[in-house]
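The values are calculated or read from the model by the stated rules, or taken from the named source; none is laboratory data. Note that the structure is a prediction, hence the values are computed from the model and not measured. In this analysis, Cβ positions are derived from the backbone assuming ideal geometry, glycine residues included, and neighbour counts consider all displayed protein chains. Please note that ligands, DNA and RNA were not included when accessible areas were found on the heavy atoms of the full protein model with its side chains. Shrake-Rupley method; radii C 1.70, N 1.55, O 1.52, S 1.80 Å.
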Amino acid sequence: MTPLSSLRVVDAATLFAGPSAAAMLGDFGADVVKIEHPTRDDPARGHGPSVDGVGLWWKSLARNKRTAAVDLSTPDGQRILRDLVAESDVLVENFRPGTLERWNLGPDVLQEINPGLIVARMTGFGQFGPMASRPGFGTLAEAMTGFASSTGEPDGPPVLPPLALADGVAGITMAYAIMVAAHSRAETGRGQVIDMAIIEPLLGLLGPQVTAYQALGVLPQRTGNRTSNNAPRNTYRTRDGRWVAVSTSAQSVAERVMRLVGRPDVVDEPWFATGQGRVAHVEELDSAVADWVAARDADEVVAEFERAQAAIALVYDASDIVKDPQYAALGTFVPLPDEELGEVTVQNVAFRLSETPGEVRWAGPAKGRHTDEILAGLGYDADRIEGLRTAGVIA
């Protein structure tokens, strides 16, 4: 038994935020039924690199899910969803507000069928407000939260992340919200509706920017790889052309770094005692670290920092990650047999529980791979399933 083996989740969302939340539940045993349109692929299947047309991002995003291809815009498809939620615990969806209601699949209808159902609604801007009906993606959240305005070089433009950052943060937050709702249901017997706007969760990672603006009238500024909270903090190039990242978030580590790079004199300066004080002297501190690193090869730099118990890491790309002994020790990646690719490697569960560990059991399957199996489990006989397929309701 896994912690969530009694939980059934219907994942009717697309792209990243909602589906990633459902995937996290599947990691710990939830039976996740992924609904896709019979003739239109989930856009996530086409994101990123592929092998012979098979998307690799999908293999991770749809891990541990059973897939059914159902057209929810048709009356028969809507009946299938109602039959599914009657036996499920969670519905994850990211249609524009009003879409489920237009299909007579709104939370009021579904919770009348199953009062314990948790309806997890993930949209760009939430279910109400002046922007609710607009199409919304993580990129817009990264712009609206202040992330882009505070990212980049001081004299450069705002910078968007090269990844689905806001979607990923929203997905983690939604998985947490579902668990809170499930805990509440265990006590009350009632499900509830979760309304999550992608523009909100990322705000929490950006610190007290609104609080500081309201109290002090200050705005975050772009600082490149530096930070306005402490110094030195940057990436530095070694003699052999590698890059290392150094952080001095703790006062003791800042002191060790400056002693290591030959500037013990600054440690006794009154301004050095706080992060803000060090930031005021960032050019002096950064220059000392950069010069010291530039005079040495990467292996020596890392070894000396480790000997001094100062925080450092090589800047990796994927070719470095797969060779790293720490990731190997943690089992961070797992190779899986796959019907489409033979074998595919995906990231493992992101944390380890001592008593009830999660597991990636299979990679994202082909579209509709489990349609017949899922409908048969709902009591649909072979003739009815074939009739739905002929009508184009399922695939």
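General observations
- Among residues of segment 268-282 that are aromatic (F, W, Y), those with a beta-carbon under 7 Å from a residue that is surrounded by fewer than 19 Cβ atoms within 10 Å (Cβ to Cβ) at least six positions away or on a different chain give the pairs W271/G277; W271/A280; W271/H281; F272/V266.
Here's the yes/no breakdown for (1) touching a Cys at 6+ places or on another chain (Cβ under 9 Å); (2) among the charged types (D, E, K, R); (3) open to solvent by 60 Å² or more (accessible area, probe 1.4 Å):
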{"residue": "Q209", "(1), (2), (3)": "no, no, no"}
{"residue": "D265", "(1), (2), (3)": "no, yes, yes"}
{"residue": "Q276", "(1), (2), (3)": "no, no, yes"}
{"residue": "D291", "(1), (2), (3)": "no, yes, yes"}
{"residue": "A308", "(1), (2), (3)": "no, no, no"}
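- Hits in segment 96-127 (condition: open to solvent by 10 Å² or more (accessible area, probe 1.4 Å), under 17 Å from Q192 (Cα atoms) and without any contact (Cβ under 8 Å) to a residue 40 or more places away in the chain): P97, E101, D108, V109, E112, I113
- Test for N94: is it in contact with a Phe, Trp or Tyr (Cβ under 8 Å, 6 or more places away or on another chain), among the polar types (S, T, N, Q) and within 30 Å of D338 (Cα to Cα): no
- The one condition in (1) among the aliphatic types (A, V, I, L, M); (2) closer than 23 Å to A23 by Cα; (3) touching a residue at least 24 places away in the same chain (Cβ under 8 Å) that L140 fails to fulfil: (2)
- Residue match in segment 179-202 (condition: of a type in the set (G, A, S), more than 23 Å from G29 (Cα to Cα) and modelled with pLDDT of 95 or more): yes
- Residue in segment 150-157 that is open to solvent by 70 Å² or more (accessible area, probe 1.4 Å), farther than 16 Å from A21 by Cα and without any contact (Cβ under 8 Å) to a residue 24 or more places away in the chain present: yes
- Tally, over segment 7-25, of residues that are within 19 Å of E87 (Cβ to Cβ) and either within 10 Å of the chain's Cα centre (by Cα) or part of a helix (DSSP H, G or I) (or both): 2
- Checking R190, R233 one by one, the residue that is open to solvent by 50 Å² or more (accessible area, probe 1.4 Å) and in contact with an Asp or Glu (Cβ under 9 Å, 6 or more places away or on another chain) is R233 and no other.
- Residues being exposed (fewer than 15 other Cβ atoms within 10 Å of the Cβ) and without any contact (Cβ under 8 Å) to a residue 24 or more places away in the chain - total across segment 380-395: 7
- Test for P162: is it without any contact (Cβ under 8 Å) to a residue 24 or more places away in the chain and either open to solvent by 40 Å² or more (accessible area, probe 1.4 Å) or charged (D, E, K, R) (or both): yes
- Selection count, segment 321-336, where residues are in contact (Cβ under 8 Å) with a residue 12 or more places away in the chain and in a strand (DSSP E or B): 3
- For I374, the requirement of being crowded, with 17+ Cβ neighbours inside 10 Å and either within 23 Å of D41 (Cβ to Cβ) or modelled with pLDDT of 95 or more (or both) is met.
- All positions within segment 360-380 that are of a type outside the set (A, V, I, L, M) and either in contact with a helix residue (DSSP H, G or I) (Cβ under 7 Å, 6 or more places away or on another chain) or more than 30 Å from R82 (Cα to Cα) (or both): G364, D372
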